[in-house]
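J.: Take a look at the following structure, please.
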Amino acid sequence: MRKRYAIPAIAVLLLAATSAIALASGHAGRDARNATAAAPVKQAERAVEAAPAVRFATITVTIDPKGVPLAAYQFEVTAGHAFTVVGLDHAGHPAFADPPRYDRAAAADGTDRLIVADYSTRPAGQLVAKPQRVAVIHAAFTLDAGDDAGQLTDSIALTLTAAADPAGNRIDADITYDLHLAERPGQE
Amino acid sequence: MTHPHDQHDTLPDGLIDALRDFDGPAALPSVEHDDALLAQARAHLAEIAPDITAHAAAADHRRRSRVVLGFVGAGGAVAAAAAVTFAVWFGMDGKAPAYGPTMAEQDQANAISDPSSPTWGGPGETPPPSVARQPGPAVAGDVDGSGTLDILDAFALARAVERDGGTPTRGHDFNGDGRVDRQDADWLADRAVALDRSGGRG
């Protein structure tokens, strides 16, 4: 009688032991696989629930040359969201009467970074040595569903990569910007 | 008084022989004889009590089934255990269990920690001396010799053009029109802000 049930009993114990080991070691890995498999589905669901929104904004850029006449500058705009440049105004000062230079083709197609630069060969007496507005960027940002204005604001960063005096010497300068978001998408 | 039978002093010979063989080795029946006798008994039992015969047959069948099922169950359990083990250890898209880093993660960690690895370059990592910035090939359009192409190169060329009045300068005819003028400075400025150029900034 005991011999008759010995083999099934041993088999059941073996199955139980291997199952326990498998569950203990593979539980997290199985969850990760499930999460990975579910990720595209969740992305698709999010895409269906809400289409990307467009948010218009203006970025007014100011450079402080700290008392040195500013003859040339270059800065870079980076954003965590794709954007297109609708327009870019000049500073308004006679020394920089023309709009700054930027990659118009890339900016029109959509990008997440932009390089803006300009120079003036005017003499030092005709240049500005105090904080001055150098550019106003009009851009349309593409926001992911669920992103708000705060996230857009936090994702934008400006970096001054070059600034020079009339002699072409690199100078220490500060760059600041003011971001103005349109109240509603498509409306200023 | 004596009974007439008591008058015999000897036993019959047949009885004497039988008594002599009583303590001798018994003659065992053969296996064939046993089987034949068992079959005959069963046939006789089936005739006189068919219910008892059917019950006995069913009991015998159940006993055999239990034995077979025992072996089948044992084999199935072992197969299931093996299947579960394979599913856990080898069925996770080639990835190791979650309690340790994957091979790719380990390779990446080794690459970052290995200064000689060509894949070095994690964000926020301080470049080791062996891969720190080294003088590279000359950047096209690097007029001011800063090592990068930016707006200051265009500015330097524009100042030179205004100072020299458009005198050709070797190597500064960037637009290839045969002369060095403000258009070459404009060409450099456009290159400085281009997002898709190779080399230099941007």
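The values are calculated or read from the model by the stated rules, or taken from the named source; none is laboratory data. Fair warning: this is a prediction, and the values are worked out from it, not measured in the lab. With ideal geometry, Cβ positions are generated from the backbone for all residues, glycine too; neighbour counts draw on all protein chains shown. The accessibility values were calculated without ligands, DNA or RNA, using every heavy atom of the protein model including side chains. Shrake-Rupley method; radii C 1.70, N 1.55, O 1.52, S 1.80 Å.
J.: Before we move on, is A:V86 among the hydrophobic types (A, V, I, L, M, F, W, C), at pLDDT below 95, under 31 Å from the mean Cα position of the chain (by Cα) and in a strand (DSSP E or B)? Quick ask: steps written out before the conclusion?
T.: On the way: among the hydrophobic types (A, V, I, L, M, F, W, C): yes; at pLDDT below 95: yes; under 31 Å from the mean Cα position of the chain (by Cα): yes; in a strand (DSSP E or B): yes.
Spelling it out, A:V86 is indeed among the hydrophobic types (A, V, I, L, M, F, W, C), at pLDDT below 95, under 31 Å from the mean Cα position of the chain (by Cα) and in a strand (DSSP E or B).
J.: Then there is this: With the checklist (1) open to solvent by less than 70 Å² (accessible area, probe 1.4 Å); (2) within 14 Å of chain B (Cβ to nearest Cβ); (3) among the hydroxyl-bearing types (S, T, Y) in hand, flag the one item A:T153 doesn't pass.
T.: It is condition (2) that A:T153 fails.
J.: Sticking with this structure for a sec: The conditions are (1) at pLDDT below 95; (2) outside any strand (DSSP E or B); (3) within 20 Å of A:Y73 (Cβ to Cβ); (4) open to solvent by less than 40 Å² (accessible area, probe 1.4 Å), and A:D98 fails exactly one of them. Which is it?
T.: Condition (4) is where A:D98 drops out.
Conditions (1) more than 30 Å from A:A157 (Cα to Cα); (2) modelled with pLDDT of 90 or more, marked per residue:
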{"site": "A:I7", "(1), (2)": "yes, no"}
{"site": "A:A17", "(1), (2)": "yes, no"}
{"site": "A:G26", "(1), (2)": "yes, no"}
{"site": "A:P40", "(1), (2)": "yes, no"}
{"site": "A:A50", "(1), (2)": "no, no"}
{"site": "A:T58", "(1), (2)": "no, yes"}
{"site": "A:H93", "(1), (2)": "no, no"}
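J.: Do the conditions hold for B:R42, that is, is it at pLDDT below 75 and surrounded by 10 or more Cβ atoms within 10 Å (Cβ to Cβ)? Reasoning before the result, please.
T.: Details: at pLDDT below 75: no; surrounded by 10 or more Cβ atoms within 10 Å (Cβ to Cβ): yes.
It is false that B:R42 is at pLDDT below 75 and surrounded by 10 or more Cβ atoms within 10 Å (Cβ to Cβ).
J.: Looking at A:T176, A:T111, A:T142 in this structure, which one is more than 24 Å from B:G145 (Cα to Cα), assigned by TED's automatic domain parsing to the domain that holds A:A82, out of contact with any Gly (no Cβ under 9 Å at 6 or more places or on another chain) and at pLDDT below 95? I'd like the intermediate steps shown before the answer.
T.: On the way: A:T176 fails: at pLDDT below 95; A:T142 fails: out of contact with any Gly (no Cβ under 9 Å at 6 or more places or on another chain).
Within the list A:T176, A:T111, A:T142, the selection yields A:T111.
This table checks each residue for (1) more than 20 Å from B:R191 (Cα to Cα); (2) within 13 Å of chain B (Cβ to nearest Cβ); (3) surrounded by fewer than 21 Cβ atoms within 10 Å (Cβ to Cβ).
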residue: A:A53; (1), (2), (3): yes, no, yes
residue: A:A57; (1), (2), (3): yes, no, no
residue: A:V68; (1), (2), (3): yes, no, yes
residue: A:D118; (1), (2), (3): no, yes, no
residue: A:A140; (1), (2), (3): yes, no, yes
